[in-house]
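See below for the structure under consideration.
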Amino acid sequence: MLWLTAEQALEKLGTKPQTLYANVSRGRIRAKADASDPRRSLYNAVDVMRLAARHAGRRKTETVAADAIQWGDPVLPSAISTILDGRLYYRGRDVATWAEHATLEETAALLWKSGPITAAASESSETGPSLERAFVLLAQRVTRDLPTLGRAPTVLQAEAESILSIVASVLAPDAAASPLHLRLATSWSRPEAADCIRRALVLLADHELNASTFASRVAASSGATLSAAVLSGLSTLSGPLHGGAWHGVASLIAEVDALDASQAIRQALTQGRPLPAFGHPLYPDGDIRAKALMAQFDLPPSYAELATAGQEIVGEGVNIDFALTAMSAAFDLPDDAPLVIFALARTVGWLAHAMEQIESGRLIRPRARYTGPAIERPLKK
């Protein structure tokens, strides 16, 4: 993410300092303290350029839509979650506070506006959690389940609970009818990790209109089955820029072990490689989810070294991808544990958004801004 000084931001905006500060206070421009001089602030370049274009009168409808899809203003109304002043809220509840005591099942009830939710017990799997099996079972349900159009919310909530049970049966396999975080900890033979897993599941259950949630809402808007919406979300989550970002964190840690944290970061920056462990566009002052999770365990030495060096060199705090990977290392969880936790947690959010989209009765159908060869129009007779 690029940050501008006040002078640079004012030059782009063509306004007075008071206007810049007013836009910050109203949430239109994100700001953070300058690591090199705490008395100064830095301003998010994307936000500044968006406002500058608006003031110049060049924001046509298609430009607004394009900006909205790329970290811009929200493109869909939602009452499920939001990020405000660096905090994440589920239906108005501060998530860091909620995660101190809530389970994923209680979070599902909150996000779905339903009664108590229970993920049915399953036969224990000898191979442990399986993302591959989750894809298979969801795909099988897509061909059997009914479309969502014309069905009552209570019926859809019951179906959502059964889909969560299906996903949980392979991501948190355990014959005991216990909460999902306990089932997951048991499947990994790490009972001491249960409370941290619980917190991680709650913190990751939803995050506004992220890529996988948007994919789920698009599927649901067409009247597709709830299982299809979750399958769309899970497919999108698997990408390296989303739920698969933990791979990049793990690779960076391997470099820290081979070199040291400062050299690993400097080498990545010199080579123009991304640093997936640091920063988040929606949290200029640090990812609140990462802070809430890391407060519950001691960082392994390599992770602690990387976090400190990253703050000094990059000027960004660590994010949830770093925290989730660090937690997995701290409790010696399987290599794919970050993605398993992410997928199980976000299934709850995908289902919440799918049901909200269905209730809206609207099809999500953006327009494309054509950039191809010149159009050959037919000659008029």
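FYI, it's all coordinate maths here, none of it is from the lab. Quantities reported herein were computed from a predicted structural model and do not represent experimental measurements. Because the Cβ atoms are built from the backbone with ideal geometry, glycine has one as well, and the counts that use them run over all protein chains shown.
Restricting the calculation to Cα atoms, segment 285-381 yields a radius of gyration followed by a Dmax of 22.6, 77 Å. Rounded to the nearest 0.05, the FRET efficiency derived from the C-beta distance between Thr154 and Arg40 at R0 = 41 Å is 0.15.
Working from the Cα coordinates of segment 155-310, the gyration tensor eigenvalues give, after taking √(5λ), semi-axes of 32, 21, 13 Å in decreasing order. Across the alpha-carbon atoms of segment 137-211, the computed radius of gyration and Dmax are 15.0, 45 angstrom. Global size of segment 77-161: 16.2, 45 Å for Rg and Dmax (C-alpha atoms, Rg to one decimal, Dmax whole). Do you know the relative contact order of segment 121-221, to the nearest whole percent, from alpha carbon pairs under 8 angstrom that are 6+ apart? Relative contact order for segment 121-221 comes out at 33 percent. Other residues whose C-beta falls under 13 angstrom from the C-beta of Ala35 contribute a net charge of -2, scoring Lys and Arg +1 and Asp and Glu -1.
Return the equivalent ellipsoid semi-axes of the chain as a descending list in whole Å, where each equals the square root of 5 times an eigenvalue of the C-alpha gyration tensor. Rounded to whole Å, the semi-axes are 35, 30, 19. Full extension of the chain between Met49 and Ala175 gives 40.0 nm of extra length, using 0.36 nm per residue less the Cα-Cα distance. Contact order for segment 209-258, expressed relative to its length and based on alpha carbon pairs under 8 Å spaced 6+ residues apart, stands at 29 percent.
Normalised by the residues of the chain, what does the relative contact order come to in percent, with Cα pairs under 8 Å and at least six apart? With pairs under 8 Å counted, the relative contact order is 19 percent.
Between the amide H of Asp34 and those of Arg40, Ser41, Leu42, distances stay under 5 Å, these residues lying 5 or more places away or on another chain, with hydrogens modeled in the peptide plane. The Ala33 and Arg144 beta-carbon pair, evaluated with R₀ = 41 Å, returns a calculated FRET efficiency of approximately 0.15.
Note on the chain: with a GNM built from Cα contacts shorter than 10 Å, the maximum mean-square fluctuation among Leu241, Leu324, Leu306 falls on Leu241. Annotation for segment 313-348 versus segment 174-238: alpha-carbon center distance of 13 Å. Placing unit charges on each Cβ (+1 for Lys and Arg, -1 for Asp and Glu) gives the chain a dipole about its Cα centre, and among Thr15, Ala307, Gly243 the Cα reaching farthest toward its positive end belongs to Thr15.
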